[in-house]
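Handing you a structure now.
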Amino acid sequence: MLPKIVSAVPGPRSQALLAQLAASEAPSLTLPGGIVWAEAEGALVTDVDGNCYLDLAAAFGVVGIGHRHPAVLAAIQAQSQRLIHGMGDVFAHEARIELVQLIKQHAPIADGRVFLAGGGAESIEIALKTAMLATQKPGVLAFTGGYHGLSYGSLAATNRADFRQPFLPQLSSHTQRAPYPYLFRWRGPGDCLDWALSTTEQAIKTSVSPLGALIVEPVQGREGEIVPPDGWLRGLRQLCDQYEILLIADEIFTGWGRTGQWWGVNHDGIEPDLICMGKGMTGGLQIAACVGRAAHMAHWQVNGEPLHTGTFMGHPLACAGAAAAIRVLTEHNTLDRVNQLSTQLLRGLGAIAENCALVGDVRGRGLMLGLELVQADGITPNPRAVMQVTSFCQAQGVLVLGGGMDGNVLSLTPPFILNQVQVDYALDVLQQALATVAKQQK
């Protein structure tokens, strides 16, 4: 099935409902000028005005298996007939037990232990707390371009200054930063990988706070689908071993097949000390997890009250839905499909870029794809073009998000279930959008 636009975008009902929302909801939670979703299935989303869109964002990378997958729906419905709410850390339930066993089975850590979380940011908090408990060293090394969430621990590790600035007085002062290797914008002498690893080691040596954790995304997502050179993660693993630092892999976006391997760390053949996961494993429900080596997670054992928990931890409906999603991912040809679609889309995007000076770079790994748009000099970021392209695409029934540190990257993270007709339609709309905007900006 293809998109179908039957009204203006946004339509009158979307506009009216968003006006109502603005009168009741705190500002900044919903972007102005958007659409109001009514339903979604597979790779398609329908708004309240009846417009149908192809979702090339997979709802922030969450629904790799597609919106409302039948297996997830069946699992939620069955669980709802038995137990809707548990009691967090006090009493276990069968859906939670099944989910943690599945996660342990597939996580890239030998003999790992699973700590469930309510969302990605909380899984980062758990990882950072684990590193503190296990090493007794407060320092954290993060990277430029890193995005790990907006709760206080994860926010301190997140790079975006405009997110951190309002809260700086309350954020941890123990976070250091090193540059993430960004091949398109690398202009230094020598080899980018060597420089990045050397700079990271220097940051480790000069850190004011003793470093207990290094946190890294195998591919940076929100900041522009930045793919590091091969060997980057392997080099970080060696540095962490040398300086006795725990390596935290933030695989909330990259995990569960999104990059064409089950885990982003698989591309460099390393095992992290801790791994954070969410999005793709959830089937669309709010749940995440941190998995760590048993020796590190053993430090959570205390006499008395748990050191980290929550009322809705391991929620039965979320556990059942996530377990179903993981089975769908692991029992079908997920990786083959992701890599096949990746090849098709990269080839098509490359062909578009050859005839469009707006596109400075086409990059990606698996189904984390980015088009970096630039000005006439071929390097200066062009965020205005991204806004124009995303608006054009939405009017034609294709949902594409803008991203990147400068807002100049078109981010494509589609569901793994796109068919050939949908791929062709998406590429055609993107080509039209880029050609139209390039003409407008001449």
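Name the residue, out of Trp232, Trp186, Trp195, that is at pLDDT below 95 and closer than 30 Å to Leu373 by Cβ.
Only one candidate qualifies: Trp186.
While we're looking at this one, here's another question. Please determine whether any residue of region 245-262 is closer than 23 Å to Pro381 by Cβ, modelled with pLDDT of 95 or more and surrounded by fewer than 24 Cβ atoms within 10 Å (Cβ to Cβ).
Within region 245-262, none of the residues are closer than 23 Å to Pro381 by Cβ, modelled with pLDDT of 95 or more and surrounded by fewer than 24 Cβ atoms within 10 Å (Cβ to Cβ).
Residues Val100, Val90: which one is more than 30 Å from Asp424 (Cα to Cα), β-branched (Val, Ile, Thr) and more than 23 Å from the chain's Cα centre (by Cα)?
Exactly one of Val100, Val90 is more than 30 Å from Asp424 (Cα to Cα), β-branched (Val, Ile, Thr) and more than 23 Å from the chain's Cα centre (by Cα), namely Val90.
Please specify each residue of region 232-286 satisfying the condition of being of a type in the set (S, T, N, Q) and without any contact (Cβ under 8 Å) to a residue 40 or more places away in the chain.
Gln238, Gln242 - these are the residues of region 232-286 that are of a type in the set (S, T, N, Q) and without any contact (Cβ under 8 Å) to a residue 40 or more places away in the chain.
Here is a list of conditions, (1) under 21 Å from Phe253 (Cα atoms); (2) surrounded by 16 or more Cβ atoms within 10 Å (Cβ to Cβ), and Lys104 meets all of them except one; can you say which number that is?
Just one mismatch for Lys104, condition (2).
Go over the candidates Leu307, Leu285 one by one and state the one that is within 23 Å of the chain's Cα centre (by Cα) and in the same structural domain as Asp250 (by TED's automatic domain parsing).
Within the list Leu307, Leu285, the selection yields Leu285.
Among the residues of region 403-425, what is the count of those that are touching a Lys or Arg at 6+ places or on another chain (Cβ under 7 Å) and under 17 Å from Val359 (Cβ atoms)?
Number of matching residues: 1.
Just wondering, is there one or more residues in region 265-286 that are at pLDDT 95 or above, over 25 Å from Cys240 (Cα atoms) and among the charged types (D, E, K, R)?
Yes; the residues of region 265-286 include at least one that is at pLDDT 95 or above, over 25 Å from Cys240 (Cα atoms) and among the charged types (D, E, K, R).
Of all residues in region 126-152, how many are assigned to a helix (DSSP H, G or I) and surrounded by fewer than 22 Cβ atoms within 10 Å (Cβ to Cβ)?
Selection size over region 126-152: 6.
Sticking with this one: Look through region 48-69, keep the residues that are out of contact with any Pro (no Cβ under 9 Å at 6 or more places or on another chain) and in a loop (DSSP other than H, G, I, E, B), and return whichever of them is surrounded by the fewest Cβ atoms within 10 Å (Cβ to Cβ).
Gly50
Which residue out of Val6, Val72, Val45 is of a type outside the set (D, E, K, R) and part of a strand (DSSP E or B)?
Val45
Let me ask you something else. Restricting attention to region 384-394, does a residue exist that is within 28 Å of Trp262 (Cα to Cα) and buried (at least 21 other Cβ atoms within 10 Å of the Cβ)?
Checked region 384-394: no residue is within 28 Å of Trp262 (Cα to Cα) and buried (at least 21 other Cβ atoms within 10 Å of the Cβ).
Further question: Output yes when any residue across region 284-297 is surrounded by fewer than 16 Cβ atoms within 10 Å (Cβ to Cβ) and either in contact with a strand residue (DSSP E or B) (Cβ under 9 Å, 6 or more places away or on another chain) or not β-branched (Val, Ile, Thr) (or both), and no when none is.
yes
Does region 186-239 hold any residues that are surrounded by 21 or more Cβ atoms within 10 Å (Cβ to Cβ), of a type in the set (A, V, I, L, M) and part of a loop (DSSP other than H, G, I, E, B), and which are they?
Across region 186-239, the qualifying residues are Val219, Val227.
Here's a follow-up. Note down all Cβ pairs under 7 Å where the first residue falls in region 81-95 and is over 10 Å from Met313 (Cα atoms), the second is surrounded by fewer than 17 Cβ atoms within 10 Å (Cβ to Cβ), and they're at least six residues apart or on different chains.
Hits for this filter: His93/Leu83.
Residues in region 79-91 that are modelled with pLDDT under 95 and surrounded by 13 or more Cβ atoms within 10 Å (Cβ to Cβ): how many?
Residues in region 79-91 being modelled with pLDDT under 95 and surrounded by 13 or more Cβ atoms within 10 Å (Cβ to Cβ): 3 in total.
The values are calculated or read from the model by the stated rules, or taken from the named source; none is laboratory data. All values derive from a computational prediction rather than experimental measurement. Here the Cβ is made from the backbone with ideal geometry for all residues, glycine too, and neighbour counts use every protein chain on show.
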